[in-house]
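Below is one structure, written out as C-alpha coordinates; the observations come after it.
The values are calculated or read from the model by the stated rules, or taken from the named source; none is laboratory data. Small disclaimer: the values here were computed from a predicted structure and weren't measured. Every residue, glycine as well, gets a Cβ built from its backbone with ideal geometry; the counts of neighbours run over all protein chains shown. Surface areas here come from the heavy atoms of the whole protein model, side chains and all, with no ligands, DNA or RNA. Shrake-Rupley method; radii C 1.70, N 1.55, O 1.52, S 1.80 Å.
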Amino acid sequence: MSEEIRIRRCESLEDFRLCLHLQREIWGEDDLEVEPVTMFVVAAHIGGQVLGAFDGSQMIGYTLALPGIRNGQPYLHSHMTGIAASHRDRGAGRALKLFQREEALGRGIRLIEWTFDPLELRNAHFNLNRLGAICRTYLPNLYGVTTSPLHRNLPTDRLVAEWHLDSPRVIAILSGAVPEPVDAPAAISFPAALEEWKKNNPEELARQQARARSEFESWFARGYAAIATRTTPAGAGYLLAPWSDF
Ligand SMILES: CC(C)(COP(=O)(O)OP(=O)(O)OC[C@H]1O[C@@H](n2cnc3c(N)ncnc32)[C@H](O)[C@@H]1OP(=O)(O)O)[C@@H](O)C(=O)NCCC(=O)NCCS
(Lines give C-alpha, C1' and ligand atoms only; values in the text may rest on other atoms or scores of the structure.)
Protein backbone atom coordinates (compact mmCIF):
# COMPACT_ATOMS: atom_id res chain seq x y z
CA MET A 1 0.00 0.00 0.00
CA SER A 2 1.08 3.54 -0.68
CA GLU A 3 2.66 4.70 2.56
CA GLU A 4 0.68 7.85 2.97
CA ILE A 5 -2.72 6.07 3.11
CA ARG A 6 -3.97 5.87 6.70
CA ILE A 7 -7.15 4.32 8.04
CA ARG A 8 -9.02 5.64 11.06
CA ARG A 9 -12.48 5.71 12.58
CA CYS A 10 -14.74 8.57 11.45
CA GLU A 11 -16.43 10.28 14.37
CA SER A 12 -17.24 13.88 13.49
CA LEU A 13 -19.98 15.35 11.34
CA GLU A 14 -17.25 16.72 9.13
CA ASP A 15 -15.94 13.18 8.56
CA PHE A 16 -19.43 11.89 7.76
CA ARG A 17 -19.96 14.72 5.26
CA LEU A 18 -16.74 13.72 3.53
CA CYS A 19 -18.07 10.14 3.32
CA LEU A 20 -21.26 11.42 1.72
CA HIS A 21 -19.28 13.47 -0.77
CA LEU A 22 -17.24 10.41 -1.76
CA GLN A 23 -20.36 8.27 -1.96
CA ARG A 24 -21.83 10.61 -4.59
CA GLU A 25 -18.59 10.62 -6.53
CA ILE A 26 -18.15 6.81 -6.47
CA TRP A 27 -21.72 5.54 -6.95
CA GLY A 28 -23.31 8.50 -8.74
CA GLU A 29 -26.85 7.66 -7.63
CA ASP A 30 -29.91 9.89 -7.51
CA ASP A 31 -30.45 11.78 -4.25
CA LEU A 32 -33.12 9.39 -2.98
CA GLU A 33 -30.70 6.45 -3.12
CA VAL A 34 -27.83 8.13 -1.30
CA GLU A 35 -27.21 7.18 2.34
CA PRO A 36 -27.55 10.48 4.21
CA VAL A 37 -25.20 11.83 6.87
CA THR A 38 -27.70 10.73 9.51
CA MET A 39 -27.12 7.08 8.54
CA PHE A 40 -23.38 7.48 9.10
CA VAL A 41 -24.08 9.13 12.48
CA VAL A 42 -26.38 6.27 13.46
CA ALA A 43 -23.96 3.56 12.31
CA ALA A 44 -21.12 5.07 14.33
CA HIS A 45 -23.39 5.53 17.34
CA ILE A 46 -24.92 2.03 17.56
CA GLY A 47 -21.82 -0.12 17.26
CA GLY A 48 -21.39 -0.22 13.50
CA GLN A 49 -18.33 1.10 11.72
CA VAL A 50 -17.57 4.25 9.78
CA LEU A 51 -13.95 4.00 8.71
CA GLY A 52 -12.10 6.44 6.50
CA ALA A 53 -9.01 6.02 4.32
CA PHE A 54 -6.94 9.20 4.13
CA ASP A 55 -4.18 10.41 1.87
CA GLY A 56 -2.75 13.09 4.11
CA SER A 57 -5.80 15.04 5.22
CA GLN A 58 -7.84 14.06 2.15
CA MET A 59 -10.41 11.29 2.62
CA ILE A 60 -10.07 8.96 -0.38
CA GLY A 61 -12.26 6.05 0.74
CA TYR A 62 -14.58 4.79 3.42
CA THR A 63 -16.49 1.82 4.77
CA LEU A 64 -19.95 2.00 6.32
CA ALA A 65 -21.08 -1.03 8.35
CA LEU A 66 -24.15 -1.63 10.49
CA PRO A 67 -24.38 -3.97 13.46
CA GLY A 68 -26.63 -7.00 13.07
CA ILE A 69 -27.70 -9.90 15.20
CA ARG A 70 -28.39 -13.45 14.05
CA ASN A 71 -29.00 -16.52 16.18
CA GLY A 72 -28.10 -14.42 19.21
CA GLN A 73 -24.67 -13.53 17.82
CA PRO A 74 -23.55 -10.01 16.85
CA TYR A 75 -22.09 -9.41 13.41
CA LEU A 76 -21.44 -6.48 11.10
CA HIS A 77 -23.12 -5.91 7.78
CA SER A 78 -20.70 -3.90 5.69
CA HIS A 79 -22.99 -1.89 3.49
CA MET A 80 -20.52 0.15 1.42
CA THR A 81 -16.80 0.18 0.76
CA GLY A 82 -15.55 2.64 -1.80
CA ILE A 83 -12.24 4.12 -2.85
CA ALA A 84 -12.04 7.25 -5.03
CA ALA A 85 -11.22 6.29 -8.62
CA SER A 86 -8.01 8.36 -8.41
CA HIS A 87 -6.72 6.15 -5.60
CA ARG A 88 -7.71 2.62 -6.68
CA ASP A 89 -5.33 -0.30 -7.09
CA ARG A 90 -2.94 1.01 -4.43
CA GLY A 91 -4.03 -1.25 -1.60
CA ALA A 92 -6.38 1.20 0.12
CA GLY A 93 -9.41 -1.10 -0.22
CA ARG A 94 -7.47 -3.95 1.31
CA ALA A 95 -6.20 -1.72 4.11
CA LEU A 96 -9.77 -0.68 4.91
CA LYS A 97 -10.93 -4.29 5.08
CA LEU A 98 -8.01 -5.33 7.31
CA PHE A 99 -8.62 -2.42 9.67
CA GLN A 100 -12.32 -3.33 9.68
CA ARG A 101 -11.48 -6.88 10.70
CA GLU A 102 -9.16 -5.83 13.54
CA GLU A 103 -11.65 -3.32 14.83
CA ALA A 104 -14.42 -5.92 14.86
CA LEU A 105 -12.33 -8.65 16.51
CA GLY A 106 -11.27 -6.11 19.13
CA ARG A 107 -14.93 -5.90 20.13
CA GLY A 108 -15.56 -9.64 20.04
CA ILE A 109 -17.34 -9.57 16.66
CA ARG A 110 -16.32 -12.60 14.60
CA LEU A 111 -18.34 -12.22 11.42
CA ILE A 112 -18.59 -9.46 8.82
CA GLU A 113 -20.90 -9.85 5.85
CA TRP A 114 -21.46 -7.77 2.74
CA THR A 115 -23.10 -8.23 -0.59
CA PHE A 116 -21.59 -7.88 -4.05
CA ASP A 117 -22.57 -8.24 -7.66
CA PRO A 118 -21.70 -11.79 -8.84
CA LEU A 119 -20.83 -10.41 -12.30
CA GLU A 120 -17.98 -8.35 -10.77
CA LEU A 121 -15.36 -11.09 -10.90
CA ARG A 122 -12.52 -8.83 -9.78
CA ASN A 123 -14.40 -7.90 -6.68
CA ALA A 124 -15.19 -11.60 -6.14
CA HIS A 125 -11.50 -12.45 -6.46
CA PHE A 126 -10.74 -9.88 -3.76
CA ASN A 127 -13.49 -11.19 -1.48
CA LEU A 128 -12.87 -14.93 -1.85
CA ASN A 129 -9.22 -15.39 -2.84
CA ARG A 130 -7.62 -12.45 -1.05
CA LEU A 131 -9.80 -12.00 2.05
CA GLY A 132 -11.04 -15.58 2.49
CA ALA A 133 -14.77 -14.84 2.50
CA ILE A 134 -17.20 -17.50 1.25
CA CYS A 135 -20.64 -17.20 -0.36
CA ARG A 136 -23.61 -19.49 0.06
CA THR A 137 -26.56 -17.12 -0.22
CA TYR A 138 -27.93 -15.51 -3.39
CA LEU A 139 -30.28 -12.53 -3.12
CA PRO A 140 -32.07 -11.77 -6.42
CA ASN A 141 -32.71 -8.08 -7.18
CA LEU A 142 -31.93 -7.09 -3.59
CA TYR A 143 -32.28 -3.33 -3.95
CA GLY A 144 -34.49 -3.28 -7.05
CA VAL A 145 -33.21 -1.54 -10.18
CA THR A 146 -31.29 1.58 -9.08
CA THR A 147 -30.08 4.74 -10.78
CA SER A 148 -26.40 3.99 -10.16
CA PRO A 149 -24.41 3.64 -13.41
CA LEU A 150 -22.38 1.00 -11.54
CA HIS A 151 -25.54 -1.17 -11.50
CA ARG A 152 -26.14 -0.93 -15.27
CA ASN A 153 -29.92 -0.92 -15.04
CA LEU A 154 -29.88 -4.64 -14.24
CA PRO A 155 -31.71 -6.32 -11.35
CA THR A 156 -29.39 -5.90 -8.35
CA ASP A 157 -28.67 -9.60 -7.78
CA ARG A 158 -26.18 -10.03 -4.97
CA LEU A 159 -24.05 -12.73 -3.41
CA VAL A 160 -23.59 -12.53 0.36
CA ALA A 161 -19.92 -12.64 1.35
CA GLU A 162 -19.41 -14.16 4.80
CA TRP A 163 -16.08 -13.18 6.34
CA HIS A 164 -15.49 -15.41 9.35
CA LEU A 165 -12.78 -13.24 10.81
CA ASP A 166 -10.95 -15.71 13.05
CA SER A 167 -11.57 -18.87 11.05
CA PRO A 168 -8.50 -20.92 10.12
CA ARG A 169 -9.27 -20.27 6.45
CA VAL A 170 -9.22 -16.49 6.84
CA ILE A 171 -6.17 -16.47 9.10
CA ALA A 172 -4.25 -18.65 6.63
CA ILE A 173 -5.21 -16.56 3.60
CA LEU A 174 -4.40 -13.25 5.31
CA SER A 175 -1.05 -14.54 6.48
CA GLY A 176 -0.17 -15.10 2.84
CA ALA A 177 -0.23 -18.89 2.95
CA VAL A 178 -0.55 -20.26 -0.54
CA PRO A 179 -3.98 -21.88 -0.46
CA GLU A 180 -4.17 -25.63 -0.96
CA PRO A 181 -5.32 -26.42 -4.48
CA VAL A 182 -9.05 -25.96 -4.21
CA ASP A 183 -10.93 -29.22 -4.16
CA ALA A 184 -13.91 -27.83 -6.00
CA PRO A 185 -16.24 -30.23 -7.73
CA ALA A 186 -18.38 -27.47 -9.21
CA ALA A 187 -17.88 -24.24 -11.15
CA ILE A 188 -19.96 -21.35 -12.44
CA SER A 189 -18.18 -19.76 -15.38
CA PHE A 190 -18.43 -16.68 -17.57
CA PRO A 191 -16.89 -16.21 -21.02
CA ALA A 192 -14.03 -13.72 -21.38
CA ALA A 193 -16.42 -11.52 -23.38
CA LEU A 194 -18.34 -10.71 -20.19
CA GLU A 195 -16.37 -7.50 -19.64
CA GLU A 196 -17.17 -6.33 -23.19
CA TRP A 197 -20.85 -7.23 -22.79
CA LYS A 198 -20.96 -5.00 -19.70
CA LYS A 199 -20.17 -2.09 -22.00
CA ASN A 200 -22.10 -2.94 -25.16
CA ASN A 201 -24.51 -5.85 -24.84
CA PRO A 202 -27.11 -5.40 -22.09
CA GLU A 203 -29.29 -8.26 -23.42
CA GLU A 204 -26.46 -10.79 -23.26
CA LEU A 205 -25.42 -9.46 -19.87
CA ALA A 206 -28.95 -9.97 -18.58
CA ARG A 207 -28.92 -13.53 -19.96
CA GLN A 208 -25.63 -14.26 -18.19
CA GLN A 209 -27.03 -12.87 -14.95
CA ALA A 210 -30.16 -15.02 -15.18
CA ARG A 211 -28.14 -18.16 -15.96
CA ALA A 212 -25.71 -17.52 -13.11
CA ARG A 213 -28.61 -16.84 -10.76
CA SER A 214 -30.18 -20.22 -11.45
CA GLU A 215 -26.81 -22.03 -11.17
CA PHE A 216 -25.91 -20.35 -7.86
CA GLU A 217 -29.35 -21.03 -6.43
CA SER A 218 -29.20 -24.65 -7.43
CA TRP A 219 -25.70 -25.28 -5.96
CA PHE A 220 -26.46 -23.35 -2.77
CA ALA A 221 -29.67 -25.37 -2.29
CA ARG A 222 -27.47 -28.47 -2.33
CA GLY A 223 -25.20 -27.17 0.46
CA TYR A 224 -22.37 -25.85 -1.73
CA ALA A 225 -20.51 -22.56 -1.18
CA ALA A 226 -18.46 -20.43 -3.57
CA ILE A 227 -14.93 -20.54 -2.13
CA ALA A 228 -12.65 -19.15 -4.85
CA THR A 229 -12.55 -17.57 -8.26
CA ARG A 230 -10.39 -18.62 -11.16
CA THR A 231 -9.44 -16.80 -14.34
CA THR A 232 -8.36 -18.56 -17.54
CA PRO A 233 -7.94 -17.25 -21.10
CA ALA A 234 -11.46 -18.59 -21.79
CA GLY A 235 -13.03 -16.53 -19.04
CA ALA A 236 -13.49 -16.37 -15.31
CA GLY A 237 -15.68 -18.06 -12.78
CA TYR A 238 -16.41 -19.32 -9.31
CA LEU A 239 -15.34 -22.61 -7.76
CA LEU A 240 -17.77 -24.26 -5.38
CA ALA A 241 -17.46 -27.02 -2.81
CA PRO A 242 -19.74 -28.63 -0.23
CA TRP A 243 -19.71 -26.52 2.92
CA SER A 244 -20.65 -27.07 6.53
CA ASP A 245 -20.87 -24.42 9.22
CA PHE A 246 -17.91 -23.00 11.11
C1 LIG B 1 -13.67 -2.39 -4.84
C2 LIG B 1 -12.76 -1.27 -4.35
C3 LIG B 1 -13.20 -0.80 -2.97
C4 LIG B 1 -11.31 -1.83 -4.28
O5 LIG B 1 -10.45 -0.82 -3.74
P6 LIG B 1 -8.91 -0.69 -4.18
O7 LIG B 1 -8.26 0.23 -3.21
O8 LIG B 1 -8.82 -0.35 -5.61
O9 LIG B 1 -8.41 -2.18 -3.96
P10 LIG B 1 -6.92 -2.65 -3.60
O11 LIG B 1 -5.94 -1.80 -4.33
O12 LIG B 1 -6.80 -2.73 -2.12
O13 LIG B 1 -6.91 -4.08 -4.23
C14 LIG B 1 -7.31 -5.23 -3.49
C15 LIG B 1 -8.00 -6.15 -4.44
O16 LIG B 1 -9.22 -5.48 -4.85
C17 LIG B 1 -9.53 -5.87 -6.15
N18 LIG B 1 -9.83 -4.68 -6.93
C19 LIG B 1 -9.00 -3.70 -7.25
N20 LIG B 1 -9.65 -2.80 -8.01
C21 LIG B 1 -10.90 -3.23 -8.14
C22 LIG B 1 -12.04 -2.74 -8.83
N23 LIG B 1 -12.00 -1.62 -9.56
N24 LIG B 1 -13.20 -3.43 -8.74
C25 LIG B 1 -13.24 -4.57 -8.03
N26 LIG B 1 -12.19 -5.08 -7.37
C27 LIG B 1 -11.03 -4.42 -7.44
C28 LIG B 1 -8.37 -6.54 -6.75
O29 LIG B 1 -8.74 -7.89 -6.95
C30 LIG B 1 -7.26 -6.46 -5.72
O31 LIG B 1 -6.65 -7.71 -5.56
P32 LIG B 1 -5.32 -8.10 -6.44
O33 LIG B 1 -4.25 -7.20 -5.93
O34 LIG B 1 -5.11 -9.53 -6.14
O35 LIG B 1 -5.67 -7.86 -7.86
C36 LIG B 1 -12.75 -0.07 -5.34
O37 LIG B 1 -12.43 -0.54 -6.60
C38 LIG B 1 -14.08 0.68 -5.45
O39 LIG B 1 -14.31 1.61 -4.68
N40 LIG B 1 -14.96 0.31 -6.40
C41 LIG B 1 -16.25 1.00 -6.61
C42 LIG B 1 -17.23 0.77 -5.48
C43 LIG B 1 -17.53 -0.71 -5.27
O44 LIG B 1 -17.84 -1.42 -6.21
N45 LIG B 1 -17.45 -1.16 -4.01
C46 LIG B 1 -17.67 -2.56 -3.66
C47 LIG B 1 -19.12 -2.87 -3.43
S48 LIG B 1 -19.82 -1.98 -2.06
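By accessible area, using a 1.4 Å probe on protein heavy atoms only, the range 65-203 has 55% of its surface on carbon and sulfur. Within the chain, the longest segment free of exposed loop sites, counting GluC sites (Glu not before Pro) that fall outside DSSP classes H, G, I, E and B and have at most 16 other Cβ atoms within 10 Å, spans 121-246. Checking every one of the chymotrypsin sites (Phe, Trp or Tyr not before Pro) in the range 129-208 against DSSP loop status and a limit of 15 other Cβ atoms within 10 Å picks out Tyr143. Relative to one another, the C-alpha centroids of the range 208-231 and the range 1-79 are positioned 30 Å apart.
In the full protein context, the chain carries 50 Å² of accessible surface per residue, based on a 1.4 Å probe and ignoring ligands, DNA and RNA. Computed from backbone phi, the HN-Hα couplings of the range 69-76 come to 9, 9, 6, x, 10, x, 8, 10 Hz, rounded to whole numbers (Karplus: 6.51 cos²θ - 1.76 cosθ + 1.60, θ = phi - 60°; Gly and Pro given as x).
What FRET efficiency would be calculated for the residue pair Arg107, Gln58, taking the C-beta separation as r and a Förster radius of 22 Å, to the nearest 0.05?
0.20
For the range 5-182, the square roots a ≥ b ≥ c of the C-alpha gyration tensor eigenvalues yield an a/c under 1.5, which makes the shape rounded. The loop-placed trypsin sites (Lys or Arg not before Pro) in the range 174-246, going by DSSP, that have at most 12 neighbouring Cβ atoms within 10 Å of their Cβ come out as Arg222. Here the sum of -39500 (n - 2.57) over DSSP H runs of 4 or more residues, divided by the residues of the chain, equals -9500 deg cm²/dmol at 222 nm, to the nearest 500.
Between the amide H of Gly235 and those of Ala192, distances stay under 5 Å, these residues lying 5 or more places away or on another chain, with hydrogens modeled in the peptide plane. Close amide-amide hydrogen proximity is noted between Thr229 and Asn129, Leu239, each under 5 Å apart and 5 or more residues distant or on a separate chain (H modeled in the peptide plane; Pro and chain starts excluded). Counting 0.36 nm for each residue step from Asp166 to Ala210 and taking away their Cα separation leaves a gain of 12.4 nm. At full extension, Ala234 and Thr38 could sit 66.0 nm farther apart than now, given 0.36 nm per residue minus the alpha carbon distance.
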